[in-house]
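The structure appears below as structure tokens.
The values are calculated or read from the model by the stated rules, or taken from the named source; none is laboratory data. Everything quoted here is computed from the prediction, not taken from an experiment. Cβ: placed from backbone, ideal geometry, glycine included. Neighbour counts: every protein chain shown. Please note that ligands, DNA and RNA were not included when accessible areas were found on the heavy atoms of the full protein model with its side chains. Shrake-Rupley method; radii C 1.70, N 1.55, O 1.52, S 1.80 Å.
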Amino acid sequence: MARLREDLGRLRKEIAEGRPQGVARQHALGKLTARERLDILLDEGSFVELDMLRRHRAQGLGMDRQRPHTDGVVTGSGTIEGRRVFVYAQDFTVFGGSLGEAHALKIQKVMELALSTGSPFIGLNDSGGARIQEGVLSLNGYGGIFQRFVQASGVIPQISVVLGPCAGGAAYSTALADFTFMAGDTAQLYLTGPDVVEAVTGERVTHAELGGAQVHGSRSGVSTFVYDDEESCLLGVRDLLSMLPSNNLGRPPALPPCGATTDLRPRLAEIVPAEPHKLYDMRLVLAELVDDGDLLEVHHGWARNVICALARIDGEVVGVVANQPMVLAGVLDASAAQKAARFVRFCDAFSIPLVTLVDVPGFLPGKDQEHAGVIRHGAKLLYAYCEATVPRISVVIRKAYGGAYIVMDSRSIGTDLSLAWPTNEIAVMGAEGAVNVIHRRRLAAAADPVAERAELLEQYKQELIQPTYTAERGLVDDVIDPAETRAAVARGLAMLRDKRKHPAPRKHGNVPL
């Protein structure tokens, strides 16, 4: 027994240390090893490895002579701030982290354990893709992983982290996850690499240009978070999980109340100009609304005309959706609608209340947007809000025009509490556009069109978009002093905390994808 224990201990140590040449090569590429990454991600000493001794059983092409333990992926469970998570970390030093049958089965096992225990699931991706030597078994392995991603969707949080190459079928592990992190210059994410692109299209492109972190963080929207290096990226995963529940039956971790229900913020009235066309940074408004800047923005670099963020108000986690006047005047376009819709659906799946700040002049007009399917993408956001059963509070800060007003969680589509500032302008369109349409002939015949337009503008504002117009008709519950916004939202969240709403029985709706 002593000899057997000694042999087993020696084997485990050799596996954990890895091949020196492989580790050195990984470090030379500017990357950490799989186990070094897990040390940063998880609480110290909490990792329990599963299937360390697993090896592939492939034959042919010399594979029977190369059977390293772990088969290129480290799997198991640990804790983050004391909460259980399940994780895999692909090991690029073994077969380039490529996915074969045994590799896939290890990942599938921890995914099933995460789902059955109601624990978040995290994948650290650093792989050359499917293991060609194992043929269709590799593809079958990917299919099993993707199926489990879908089964777990909306039940447990799923996070993919790209720390090296993630090519071919592996890319869908990021697309199916709730959140995707990418780190620095080493992260590469694409379906077909530069060599294939050049062979098929003749276009020469670098790895970074094709699927680097900046590309997916600002253009494609695939990456939710982009970090400069691996360590900050992995610490970012820890920060995100501090805002999320372990599963759809739990609540996000809460902090003690901090007196938000009576907290006045007079600076809000100074941040936002009363004039509807003047710019301001919505992030300054959010900083006054949430607890001590406790806010984590998702998709910071993509579709920047709308802000989506997880935050705390009076200690409770909320999801915030807000128009950003600093970018495209805060209009909604196809990308912004997609971004907000997916975020709303995530929050609803995990019982995170929604707070929507509205200052939107409408949908972005133009041929490009129409051809890009802005109608279809706008319908995604409309569908997401209409379907959401979590507590929902909307605050109209300034303008809310046309269909964009409806889509941004208006009373008509089910928001629970609708508030507005005295600067609110809720209408089919702005006063100038409305007057030009309604009084086109009168203005054309006027002796003094400028004076006539000014009079008609004032008349239109007084009759249809004066501050209490919508409140008088029950479409806004209250018109509040801007300084009271934080307190009013906090009181509203407390009032709605025990909201229960059960959708009509059905298999599922048909989301306008």
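With the structure loaded, tell me whether Val321 is touching a residue at least 60 places away in the same chain (Cβ under 8 Å), closer than 27 Å to Cys166 by Cα, open to solvent by less than 50 Å² (accessible area, probe 1.4 Å) and not hydroxyl-bearing (Ser, Thr, Tyr) or whether it fails that test. When the stated conditions are applied, Val321 does not pass them. Inside the range 155-190, residues that are over 21 Å from Phe92 (Cβ atoms), open to solvent by less than 20 Å² (accessible area, probe 1.4 Å) and not in a strand (DSSP E or B) make up a count of 2.
Could you go through the range 251-258 and let me know if any residue there is under 29 Å from Ala334 (Cα atoms) and either among the small types (Gly, Ala, Ser) or in contact with a helix residue (DSSP H, G or I) (Cβ under 8 Å, 6 or more places away or on another chain) (or both).
Within the range 251-258, none of the residues are under 29 Å from Ala334 (Cα atoms) and either among the small types (Gly, Ala, Ser) or in contact with a helix residue (DSSP H, G or I) (Cβ under 8 Å, 6 or more places away or on another chain) (or both).
Using the structure shown, decide if Ser394 is within 24 Å of the chain's Cα centre (by Cα) and more than 23 Å from Ala504 (Cα to Cα). Yes.
Only residues that are in a loop (DSSP other than H, G, I, E, B), aliphatic (A, V, I, L, M) and in contact (Cβ under 8 Å) with a residue 60 or more places away in the chain: list them for the range 1-45, please.
Leu29, Leu32
Quick check: is even one residue across the range 55-64 of a type outside the set (A, V, I, L, M), in contact with a Lys or Arg (Cβ under 7 Å, 6 or more places away or on another chain) and either closer than 25 Å to Val23 by Cβ or surrounded by fewer than 23 Cβ atoms within 10 Å (Cβ to Cβ) (or both)? Scanning the range 55-64, I find at least one residue that is of a type outside the set (A, V, I, L, M), in contact with a Lys or Arg (Cβ under 7 Å, 6 or more places away or on another chain) and either closer than 25 Å to Val23 by Cβ or surrounded by fewer than 23 Cβ atoms within 10 Å (Cβ to Cβ) (or both), so the answer is yes. Within the range 138-167, residues that are among the aromatic types (Phe, Trp, Tyr) sit with their Cβ atoms under 7 Å from residues that are open to solvent by 10 Å² or more (accessible area, probe 1.4 Å) and assigned to a loop (DSSP other than H, G, I, E, B), at 6+ positions apart or across chains, in these pairs: Phe146/Leu176; Phe149/Leu176.
Taken over the range 404-428, the criterion of being within 21 Å of Asn510 (Cα to Cα) and without any contact (Cβ under 8 Å) to a residue 60 or more places away in the chain is satisfied by Ile406, Ile413, Gly414.
To keep it simple, each residue is scored yes or no on (1) in contact with a Ser or Thr (Cβ under 7 Å, 6 or more places away or on another chain); (2) free of Cβ contacts under 8 Å to residues at least 24 places away in the same chain; (3) closer than 28 Å to Leu264 by Cα.
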{"site": "Asn436", "(1), (2), (3)": "no, yes, no"}
{"site": "Arg440", "(1), (2), (3)": "no, yes, no"}
{"site": "Gly474", "(1), (2), (3)": "no, no, yes"}
{"site": "Gly492", "(1), (2), (3)": "no, no, yes"}
{"site": "Leu496", "(1), (2), (3)": "no, no, yes"}
{"site": "Pro503", "(1), (2), (3)": "yes, no, no"}
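Being basic (Lys, Arg), modelled with pLDDT of 95 or more, open to solvent by less than 10 Å² (accessible area, probe 1.4 Å) and touching a helix residue (DSSP H, G or I) at 6+ places or on another chain (Cβ under 9 Å) is a description that does not apply to Arg345. Identification of strands (runs of 3 or more DSSP E) wholly contained in the range 388-440 with 3 or more residues that are of a type in the set (A, V, I, L, M, F, W, C) yields 392-401, 417-420.
For the range 363-376, a residue qualifies if it is under 22 Å from Gly414 (Cα atoms) and surrounded by fewer than 21 Cβ atoms within 10 Å (Cβ to Cβ), and the qualifying residues are Ile375, Arg376.
Annotation note: of Asp314, Asp359, the sole residue that is open to solvent by 10 Å² or more (accessible area, probe 1.4 Å) and either without any contact (Cβ under 8 Å) to a residue 12 or more places away in the chain or of a type in the set (D, E, K, R) (or both) is Asp314. Within the option set Val511, Val489, being open to solvent by less than 50 Å² (accessible area, probe 1.4 Å) and within 20 Å of Ala384 (Cβ to Cβ) holds for one residue only, Val511.
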